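Notes to accompany the following structure.
The values are calculated or read from the model by the stated rules, or taken from the named source; none is laboratory data. As the structure is a computational prediction, the values presented were derived from the model and not from experiment. Positions of Cβ are backbone-derived with ideal geometry, glycine not excepted, and every protein chain shown enters the neighbour counts.
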Ligand code: NAD
């Protein structure tokens, strides 16, 4: 495992003070300066793309194409687009009001929140640490980035590279684990953006509450797949398997489990097996197109769940000594099974047979709101029924994972899957305070007379 150099605890308040000094001095406000930092962030990713692919490969065994598509390429594209859109986003917004209020010039100014803290996880270590960062830069904030200690090669590389590209008075990396994060959380920040699990989110929310620090929480959960009995099962199987195998299922938006009418379960499984064979003809554990489980602890957690399931394993289950776990399909999984306890975050796909769509909807709506609901159906009425009767961060019809390719969509959880929005304009807005304002002209005074004491009857009735 790569060595991670932890930031000295004593350095943390000094870094914070530097950033506050920079923010107060106004350095991060000019749009031209923000644009230059965004270009520098894109340049860091571009010029070091091979190093990022290698580091993330070391941490996660992630295939280079997945790192390029899901992390490096997307980041570069979004930084450049933010640089282009910045002027438009940050323009003061003159709002439409009734005619008698127009002279007051009601306006919303887009103010940077200040100095923000970004805490990121290991599974997509680059995009999940630097997507909030491009949002903070665009908004004119200063930021500390705390990448995950569970992906040490990436986190060390970021700490080595960032000072060469970004202004160190405004943007800093703090590396370490619980101890360093706990120290960071002692201090007031102007916003905390956390991506990770719900248990740690509660620790962060508690620490933030002491200072009334606003937070965004991008969490996980069990994102279900509902397959309508009319849908082409073969195509659904291909698209679900793709979503489950990417990064070996270690994605917050991975399809977690499948609800399918009982009479179509076997057909669906046959199709999954067929696509599995064509995705990984040499077997997944020998395939350069299939990743690894991040560490022994998570590997043991997943194999432990498989040992306890009451369902029938119909594909996969194989492991290797490099934390590999083959895509594993489990059929006839029932309420109370180990595989339905918590978010799987690995390449295991439990299939839960249901009577019909109504049972699937009830199943989903009685549980925590997931990050995404995937539904395979071409029936507009079924789509509407799902929209009306379920809740989730995003809802995706007839595919998995691909919603992340749309830069203009907000990405967010709801309920247990988190709150606060991100991606492009939504990332910018997350770090921006909408500062409402009026500017009352002197000439308005006659119209305002009625508000001043004494509150005589004629004023009251006017
Ligand atoms: P992790 O273990 O890397 O933890 C995330 C961050 O929290 C790290 O920086 C870590 O140092 C910090 N941390 C850990 N324990 C802490 C503590 N006790 N106090 C303070 N800070 C602490 O990552 P993880 O949580 O295992 O990540 C996986 C989870 O993240 C999954 O639930 C997944 O669904 C979710 N996730 C969500 C999104 C999203 O955008 N919604 C994206 C990716 C992952």
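Residues of segment 116-137 that are outside any helix (DSSP H, G or I) and more than 10 Å from the ligand (Cβ to nearest atom): 116, 117. Whether any residue in segment 198-215 is in a helix (DSSP H, G or I), without any contact (Cβ under 8 Å) to a residue 60 or more places away in the chain, within 11 Å of the ligand (Cβ to nearest atom) and touching a helix residue (DSSP H, G or I) at 6+ places or on another chain (Cβ under 6 Å) is what I want to check. Scanning segment 198-215, I find at least one residue that is in a helix (DSSP H, G or I), without any contact (Cβ under 8 Å) to a residue 60 or more places away in the chain, within 11 Å of the ligand (Cβ to nearest atom) and touching a helix residue (DSSP H, G or I) at 6+ places or on another chain (Cβ under 6 Å), so the answer is yes. Please find, among 174, 233, 150, the residue that is touching a helix residue (DSSP H, G or I) at 6+ places or on another chain (Cβ under 7 Å) and either touching a residue at least 60 places away in the same chain (Cβ under 8 Å) or near the ligand (Cβ under 10 Å from one of its atoms) (or both). Residue meeting the stated conditions: 174. Among the residues of segment 299-339, those identified as within 25 Å of residue 355 (Cβ to Cβ) and part of a loop (DSSP other than H, G, I, E, B) are 309, 310, 311, 332, 333, 334, 335, 336, 337.
Only one entry of 364, 330 meets the criterion of being more than 20 Å from residue 246 (Cα to Cα), in the same structural domain as residue 228 (by the TED database) and surrounded by 19 or more Cβ atoms within 10 Å (Cβ to Cβ), and that entry is 364. Quick one: residue 29 ticks every box in (1) part of a loop (DSSP other than H, G, I, E, B); (2) in contact with a strand residue (DSSP E or B) (Cβ under 6 Å, 6 or more places away or on another chain) except a single one, so which number is it? For residue 29, the exception is condition (2). Looking at segment 33-51, can you tell me whether even one residue there is over 26 Å from the mean Cα position of the chain (by Cα), assigned by the TED database to the domain that holds residue 83 and surrounded by fewer than 21 Cβ atoms within 10 Å (Cβ to Cβ)? Yes; the residues of segment 33-51 include at least one that is over 26 Å from the mean Cα position of the chain (by Cα), assigned by the TED database to the domain that holds residue 83 and surrounded by fewer than 21 Cβ atoms within 10 Å (Cβ to Cβ). Looking at 315, 306, just one residue is buried (at least 16 other Cβ atoms within 10 Å of the Cβ) and under 24 Å from residue 197 (Cβ atoms), and that residue is 306.
The one condition from (1) outside any strand (DSSP E or B); (2) more than 9 Å from the ligand (Cβ to nearest atom) that residue 145 does not meet is (1).
Of all residues in segment 12-25, none satisfies being over 14 Å from residue 173 (Cα atoms), free of Cβ contacts under 8 Å to residues at least 12 places away in the same chain, within 26 Å of the chain's Cα centre (by Cα) and in a helix (DSSP H, G or I). Considering segment 389-462, the qualifying helices (runs of 4 or more DSSP H), each wholly inside and each with 2 or more residues that are free of Cβ contacts under 8 Å to residues at least 12 places away in the same chain, run over 445-448, 457-461.
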